[in-house]
Amino acid sequence: MSGTQDRLVYMANQIARNFAVQGEAVAIAATARHILDFWDPRMREAILAGDRAGLSDIAAGAIARLQASP
Amino acid sequence: MGYEPQADFGTPEVRADTQVTLTIDGRSVTVPAGTSVMRAATTSGGAIPSLCATDSLAAFGSCRMCLVEVEGMRGTPASCTTPVAQDMIVRTQTPRLEKLRRGVMELYISDHPLDCLTCSANNDCELQDTAAEVGLRDVRYGYAGAHHLGQQPDLSNPYFLFAPDKCIVCSRCVRACDEVQGTLALSVEGRGFASKISAGQRADDFLSSDCVSCGACVQACPTSALMEKSVKEHGKPERAVITTCAYCGVGCTFRAEMRGEQLVRMVPWKDGKANRGHSCVKGRFAWGYAHHQDRITTPMIRESVDQPWREVSWDEALAFTAGRISAIKAQHGARALGGITSSRCTNEETFLVQKLVRAGFGSNNVDTCARVCHSPTGYGLKTTFGTSAGTQDFDSVMDADVILVIGANPTDAHPVFASRMKRRLRQGAQLIVIDPRRIDLVRSPHVQAAHHLPLQPGTNVAVLTAMAHVIVTEGLADEDFVRDRCDWDEYQDWARFVSDPQHSPEFLEAVTKVPAAELRAAARLYATGGNGAIYYGLGVTEHSQGSSTVMAIANLAMATGNIGRPGVGVNPLRGQNNVQGACDMGSFPHELSGYRHISDGATRTMFEQDWGVALDPEPGLRIPNMLDAAVDGTFKAIYIQGEDILQSDPNTHHVAAGLAAMDCVIVHDLFLNETANYAHVFLPGSTFLEKNGTFTNAERRIQPVRKVMEPANGLEDWQVTQALANALGLGWAYTHPAQILDEIARLTPTFAGVSWDRLEREASLQWPVNDQFPDGAPVMYVDGFVRGKGHFVVTDYVPTDEKTGPRYPLLLTTGRILSQYNVGAQTRRTANTAWHPEDVLEIHPLDAENRGLKEGDWARLASRTGETSLRVSVTDRVAPGVVYTTFHHPETQANVVTTDYSDWATNCPEYKVTAVQVTPSNGPSDWQEDYAGLTARSRRIAAEPAE
Amino acid sequence: MTTEAVIAEILAAHPREQSALLPILHDVQAEFGYVDAAAERIIADALNLSRAEVHGVVSFYHDFRSAPDPRPVVQICQAESCKARGIDTLMQAARDAAGERVRLAPVYCLGLCSVGPNARVRDQLHARLDEAQLVSLVKAQ
Ligand code: SF4
Ligand code: SF4
Ligand code: SF4
Ligand code: FES
Ligand code: FES
């Protein structure tokens, strides 16, 4: 893994993957909640500002949700 | 205070519902039914001479010294083996008894050297006391019988000696090793007068025998036949202070026996509720590091890490540090600052460090070494049960019928608890072990696991899901319990999930490598074998699915109704002594003490009012994020108390890069540890012997740590943190940790009823201690879960991204060993190295043969992240395809090879799974040699102290 | 057969229970004339006892030796045919002749059943023994 953005994307995807079993809607909400609860605001800002190409659908959904209501 | 050994009541305490009243020497005595006459006499103020009895062991009845007369009974029964009866009339002192006892005593003395005056046990010898008690003056047999006289002492153990000439063959040592420790390393060799105590087999000495140096035999020995070498060296102790071990999460309490300022020996405290009078080699003997020459006692600073250290005064060091911190804060903001608390320090010290970071630095960038061990426990148990802690006390294991050990190696990592567990197993409880490696518990004398599931590393969730599948689909779940205590809808979702044929043991066998039939049998046993208790360790948490595994364990316990009474439960075995405490004290970046989220306004306001500052409402950075941010240039300064993150955290190269990028690294420790190679400030720390405070063990038991000697560095650790805070202008004025504990209690509902005074009186308290549980809670969730209903969480098995392939075909998993502790900073500086001089790599014979490796060869261990070299040990303890090592020695730097994959929820690093290749090598790797060079350079201390 | 293999055979003939310890030790003693440290280890491992425990038992009973017996050995067949042909009636005389100086070891069938009672000294077989022959055989050692 190189670079902080890659790492953040990896982390978000990993969280999303573990919630995925609960179904997409729940997983998106849970992933967003998890990031809100456990990530330093700078990390959240960075992932919001950065390239989202590598995000899974659920992770992307969660980030979009965080953007809508941070 | 004069020196008194702890009272010995001769035979163990008996718990019974009925009481029996009898008369002993005219006194009326009431004791629980089943108590021995000896114990009834001694607990009521009488004394009966004895030699083979001691209250840590079942009565044996061999020495015939404790004879008494009982009205209506013929002869003179041994009081240690005779139980009391209602209305019994006992006489312990009559002319006939005196004569008999004197005769027995003469036999013992005739075979014993009469050099009491020069013996190091003089005045601390039961033989001597008993001889005096029975009035023995001269010996009729002469001293010619002398079977044991003139035999050479066995000095092989680094900490204690065995002098056969002083031995009276009472077999207390043998029985202590069998009953208390469960190692069975000793035996009585030969018979009759020629018999003697022998360790191992004929040619063995103590060191080469199975002895694990727990000291139980030394403690049980009535004479100086088995005795600590330190007593010979320093003389007899003059006073004793009760304190708590600073090594592992068992939290054994000890009498630190002192002579002046010199610690003479540590003797396990019989009234300690965690250890019940037992100990292991670390706590009992490995305290010599406190006086080791490597210890740094003067503060040191340097402008940059390529310079040698400069020894300075405390004032100068603190002013320098405060100056740097303030400058960084002014330039980069509060969020560029952070700190790491230590699971080895006290609750009070930990609380102060996080307070310094939150209230002083002004950020929530505080984390703790529990990040790298038990953070998933916090997350998983809080999510499912509502509290981030184990559910039971240690005593509970004595009520367990089925013990499931997963990802833990108690005989090495939690030895005193393991001895309790083994005692229960010898009584007939059944054992299931889930571990890639055949740990000692799987099969060792008198203990045999009913099932060992040697799973592929990284497949815990799959194995637990398969067990749940069996339990649900075979109708073994305790649905009444679930309906009553848990959320029924969630249970049904979960039950549907685990029932899926894709989660059957047969289907998952390809992934887990666990034979399905064996897994089914294990699941049935856990669900139906009576009280089922789960104990787990770092083999559960240190995975990319660590949090999922903890929740899967909790699911299993709830589904089978194994929660809320003695003998059951979910029990994390904590690594370091105060992991539980450090977590409780608000060491995580998102949580204040008592596991309350920093975004919770009411809680934050309470702290803000108490501390008189505004707190950042957003979670801060975790350790790995701090290191990332440092490399990115947004994190600049760190205060690290009592941790060696360079050695203990994964991916050493990445940690080194992060530290190297910071402007101010403050290391507060006993030794110039590996992390200090990158430090600008070194603040000398104090050992647990030099400070007051409290530790909280794995059973949530808060116990006092007491200062037995003055700190060599002049300040207790909490005083150092306070001095730093005050250099930053915070104006703290604690004069004793009791005041810090009061602040913790004031701000933390689960600690509301805890105070130093109360701990002085009651010795220990198991949190929660508050209005609901005024005396604490040995077993949790007796009347329901904290969060209302128990929460079932569907835990999907998401395999790790760390995969084997052609280049790295083997899976490395890591662990620890009995005689060493964590990164070994302390134990490596003691004689414990006699047992573990270096880290070795365990490899299966097939894999070894494929690579042309033989026992003891050097091998290169390489992963995607790095490589190191170490010697191999060829053994079928590990399965083909799996290799194993420990991480106690910096020379090996096992974490050079571990990756930065981590738990999805908590970023607890995945120490337990790394894809590696092993090839023959000639010796240490380049990295090891470079590193040795760097270490030597960065540890230079300027010859001229700059004063 | 290696020592380990022989002990493995003995172990296989007994239940894997701690109560089998004494019978196993007797068989090993009879087979080798001693129970040494290596044998103690193998037996301890098989019965899941500690090696100290097994050593304690071995050293407690005078029946067990810890090292090879330096005395000369006369192996006397105690199996069915030799019994039928009267070996039992010769044993007392053999024991008297042996005293403490010569070790008499039981064996079970030397393969000469039709010409018993039989005995063996080193590689030499002796058949059709009567009391006088057996006594002189023992004395000759
Ligand atoms: S120190 Fe412990 S393990 Fe060693 S012989 Fe004594 S009781 Fe047994
Ligand atoms: S060494 Fe001590 S405890 Fe052991 S038999 Fe001898 S006197 Fe008793
Ligand atoms: S290291 Fe653990 S088991 Fe050993 S004495 Fe200390 S607390 Fe007890
Ligand atoms: S103390 Fe009772 S027989 Fe030894
Ligand atoms: S029975 Fe004696 S030789 Fe066969």
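Every read-out reported here was derived from the displayed coordinates using simple, explicitly stated rules and does not represent laboratory data. Please read all numbers here as calculations on a predicted model, not as lab measurements. Neighbour counts are summed over all protein chains in view; Cβ atoms, including those assigned to glycine, are modelled from backbone coordinates with ideal geometry.
Tabulated data
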read-out: Spin-label proximity, residue C:123 to the stretch C:70-103 - amide N less than 13 Å from point 7 Å beyond Cα toward beta carbon; value: none
read-out: Gain in span if fully extended, residue B:613 to residue B:763, counting 0.36 nm per residue against the direct Cα distance; value: 50.5 nm
read-out: Mean separation of Cα contacts under 8 Å (6+ apart) over length of chain B, as relative contact order %; value: 13
read-out: Rough spin-label spacing in nm, given labels placed 7 Å along Cα→Cβ, for residue B:155 and residue B:726; value: 4.9
read-out: Within the protein assembly as shown, percent of DSSP bridges classed antiparallel, to nearest 5; value: 55
read-out: The stretch B:160-291, Cα convex hull volume normalised per residue, Å³; value: 114
read-out: Estimated inter-spin distance, residue C:34 and residue B:739, nm [label 7 Å along Cα→Cβ]; value: 7.3
read-out: Those GluC sites (Glu not before Pro) in the stretch C:22-127 that DSSP places in a loop and that have at most 15 other beta carbons within 10 Å; value: C:100
read-out: Among B:881, B:788, B:866 - extreme Cα towards positive end, dipole of the stretch B:760-885, charges at beta-carbon; value: B:866
read-out: Number of partner chain Cβ atoms within 10 Å, mean per residue of B:613-626; value: 3
read-out: Residue exposure sequence - A:26, B:416, B:305, B:769 - by fewest surrounding Cβ within 10 Å; value: A:26, B:305, B:769, B:416
read-out: Burial ranking of peptide ranges B:229-240, A:42-53 (average Cβ count within 10 Å, highest at the top); value: B:229-240, A:42-53
read-out: Neighbour-count ranking [beta-carbon atoms within 10 angstrom, fewest first] of C:10, B:638; value: C:10, B:638
read-out: Angle between chain B longest axis and helix B:926-938 axis [Cα atoms, degrees, rounded to 10]; value: 90
read-out: Relative counts (whole %) of C-alpha pair distances in the protein assembly as shown, using bins that are 10 Å wide; value: 2, 9, 17, 21, 20, 14, 9, 5, 2, 1, 0, 0
read-out: Assigned charges on the beta-carbon of Lys, Arg, Asp, Glu; the stretch C:73-139 dipole about Cα centre (debye); value: 160
read-out: Cα gyration tensor, the stretch C:3-60 - rounded (a/c under 1.5), prolate or oblate; value: rounded
read-out: Calculated FRET efficiency for the pair residue A:53/residue B:489, C-beta based, R₀ 56 Å, to 0.05; value: 0.90
read-out: Relative packing of peptides B:401-413, B:444-456, C:81-93 - highest average C-beta neighbours within 10 Å first; value: B:401-413, B:444-456, C:81-93
read-out: Shielding by partners, peptide C:53-64 (average Cβ within 10 angstrom, other chains); value: 5
read-out: Signed unit charges on C-beta, dipole axis of the stretch C:73-139, positive-most listed residue C:117, C:102, C:132; value: C:102
read-out: Point-charge dipole on Cβ atoms (K/R +1, D/E -1) for the stretch B:442-533, about Cα centre, debye to 20; value: 540
read-out: Distance between the stretch B:494-550 and the stretch B:79-132 - C-alpha centres, whole angstrom; value: 56
read-out: Members of B:329/B:691; B:229/B:282; B:166/B:282; B:166/B:273; B:382/B:789 lying beyond 21 Å, as alpha-carbon distances in this model show; value: B:329/B:691; B:166/B:282; B:166/B:273
read-out: With Cα atoms, 0 to 90° folded angle of helix B:95-110 axis to chain B main axis; value: 60
read-out: Proxy reagent accessibility, fewest Cβ within 10 Å first, across B:242, B:432, B:843; value: B:242, B:432, B:843
read-out: Exposure rule at most 14 other beta-carbon atoms within 10 Å, DSSP loop chymotrypsin sites (Phe, Trp or Tyr not before Pro): chain C longest free segment; value: C:1-60
read-out: Degrees between helix B:460-473 axis and first principal axis of chain B (Cα, 0 to 90, nearest 10); value: 70
read-out: Stretch in chain B that is longest and holds no chymotrypsin sites (Phe, Trp or Tyr not before Pro) that DSSP places in a loop and that have at most 14 other beta carbons within 10 Å; value: B:144-947
read-out: Residue (of B:372, B:425, B:396) at the positive-pole extreme of the stretch B:360-431, dipole from beta-carbon charges; value: B:425
read-out: Charge dipole magnitude, Cβ of K and R +1, D and E -1 - chain B, Cα centre, debye nearest 20; value: 1760
read-out: Distance between modelled label sites at residue C:133 and residue B:307, nm, 7 Å Cα→Cβ extension; value: 10.2
read-out: Extension gain, residue B:858 back to residue B:91 (0.36 nm per residue minus Cα-Cα distance, nm); value: 269.2 nm
read-out: Peptide B:555-563, shielding by other chains (average Cβ, 10 Å cutoff); value: 0
